[in-house]
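Below is one structure, written out as structure tokens; the observations come after it.
The values are calculated or read from the model by the stated rules, or taken from the named source; none is laboratory data. Given the structure is predicted, the values throughout are model-derived calculations rather than measurements. For neighbour counting, all protein chains shown are included, and Cβ atoms are generated from backbone atoms with ideal geometry for every residue, glycine included. For the accessible areas, the whole protein counts, side chains as well, though only heavy atoms, and no ligand, DNA or RNA atoms are used. Shrake-Rupley method; radii C 1.70, N 1.55, O 1.52, S 1.80 Å.
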Amino acid sequence: MAQNEKITINDIARRTGLSKGTVDRVLHNRGEVSRKSYDRVMEVIRELGYEPNVYASLLAKGKKHLVAVLIPASEPGSFWELAASGIGRGVDSMTAAGVEAVPFPYDQYDIESFRAACAKVLEAEPSGVVLAPLFQGETEVFTGKLAESGIPYCFIDSRPDSNGYLAYFGMPLYKSGYLCADQLTRERNIRGALIVRVRRDRYQQSDPTVNRRAGFLDYMLENAPDCKIDNVFVDPNDPDGIYTTLDGYFSEHPEVRHIVMFNSRIHLLVPWLAAHPDPDRRVVGFDNLKANMDALRDGTVSVLIGQRPDEQVRLAIEALAEHALLGKVPPRKDHFMHMDILTRYNVEDY
């Protein structure tokens, strides 16, 4: 039998010469079976590599499980829309076993919206929570309440320095910043670089790229200590303001040709970059959003570092579902995603 072909109870029954009922009793530990029949079934299971659908058998118990997915509300073409697409990509057998993944969206620029979404999650009494910890202080408060209630949780995209989580699925943040600096400066003696940062909540409590930024700055200190690094802040909802900000900065610093953003918003700079082409400019950003990929194709952006946020969400949901159904604990806490380096030469194959 081919290795990837689905193996059924009928296949085991035929191979053993036993009835399907006997095989079923062995697999699900139901009723008396002779030692000889038991040993024969187990022998064939090992030979065929059969893996019983334990999730389907759990459906009979009638217990429903809710996995709450606490991530920012998504706009078309955004990072969080891509992440949210992972909610529907869980394993079908988990759905059959009574596991439902439900989004609890919030406004990523409004801490009160995050608090309200957290309260709704707690009211729902989920079996597990997937969350992106954009507001670190409030995340600590929320995860403390989850711990008090015995509710496991997984982080995606970034994670605080804590140990209470079941698992983390995302980039190694510090290393991703280090890699970003390497891609920005490789084989170049640069004297200046611009970090473009998103102006977030009014009190600046949300700073999800802080560890990535730390990795970037450490690399620069070690490998380009004479490089002057500037920061500008932009409002993602104000394209004219972004254009004006870049115009003002580069009119004062025409020598700077290296630009980086540590979030998924590098596409926000495309109107200005396209209007001011420079063959010596190097621009590095993150994430495989369509707008970012289009800018990569036309050469406006030099490099993207991808992390597949949809896979992060899917894997976190599956980990919590297996924990709820089977009491299974992931073999390790930190599941670091591949850091995919994308250029105009490999973007079509991604």
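Worth a mention:
- Residue within region 166-173 that is open to solvent by 10 Å² or more (accessible area, probe 1.4 Å), at pLDDT 95 or above and either basic (K, R) or in contact with a Pro (Cβ under 9 Å, 6 or more places away or on another chain) (or both) present: yes
- Breaking point among (1) outside any loop (DSSP other than H, G, I, E, B); (2) modelled with pLDDT of 95 or more, for I317: (2)
- Pick from region 325-350, criterion in a strand (DSSP E or B) and under 22 Å from N163 (Cα atoms), ranking: most open to solvent (accessible area, probe 1.4 Å): F336
- Test set (1) open to solvent by less than 10 Å² (accessible area, probe 1.4 Å); (2) farther than 30 Å from P239 by Cα; (3) touching a strand residue (DSSP E or B) at 6+ places or on another chain (Cβ under 6 Å) - F142 fails condition number: (3)
- Count of region 274-309 residues, restricted to those that are open to solvent by less than 10 Å² (accessible area, probe 1.4 Å) and under 17 Å from the mean Cα position of the chain (by Cα), is 9.
- Filter result (aliphatic (A, V, I, L, M), open to solvent by 30 Å² or more (accessible area, probe 1.4 Å) and in contact (Cβ under 8 Å) with a residue 12 or more places away in the chain) within region 109-135: L122, A124
- When Y178 is tested against (1) closer than 20 Å to P103 by Cα; (2) crowded, with 20+ Cβ neighbours inside 10 Å, just one condition goes unmet, and that condition is (1).
- The residue that is nearest to N189 (Cα to Cα), counting only those in region 217-248 that are over 26 Å from the mean Cα position of the chain (by Cα) and of a type in the set (V, I, T), is I229.
- Residue in region 85-97 that is more than 13 Å from V69 (Cα to Cα) and modelled with pLDDT of 95 or more present: no
- S162 of a type outside the set (A, V, I, L, M, F, W, C), surrounded by fewer than 23 Cβ atoms within 10 Å (Cβ to Cβ) and within 20 Å of the chain's Cα centre (by Cα): yes
- Tally, over region 145-157, of residues that are crowded, with 21+ Cβ neighbours inside 10 Å and of a type in the set (S, T, N, Q): 0
- Test: residue in region 249-257 that is in a helix (DSSP H, G or I) and within 12 Å of V196 (Cβ to Cβ): yes
- Filter result (open to solvent by 30 Å² or more (accessible area, probe 1.4 Å) and modelled with pLDDT of 80 or more) within region 1-46: N10, R14, R15, G17, L18, S19, K20, G21, S34, K36, R40, E43
- Any hit, region 134-152, residues being in a strand (DSSP E or B), of a type outside the set (V, I, T) and at pLDDT 95 or above: no
- Pair list, Cβ under 7 Å, 6 or more apart: region 309-332 residue of a type in the set (S, T, Y), other residue open to solvent by less than 20 Å² (accessible area, probe 1.4 Å): none
- Qualifying residue in region 54-67 (condition: modelled with pLDDT of 75 or more, under 30 Å from D107 (Cβ atoms) and of a type in the set (A, V, I, L, M, F, W, C)): yes
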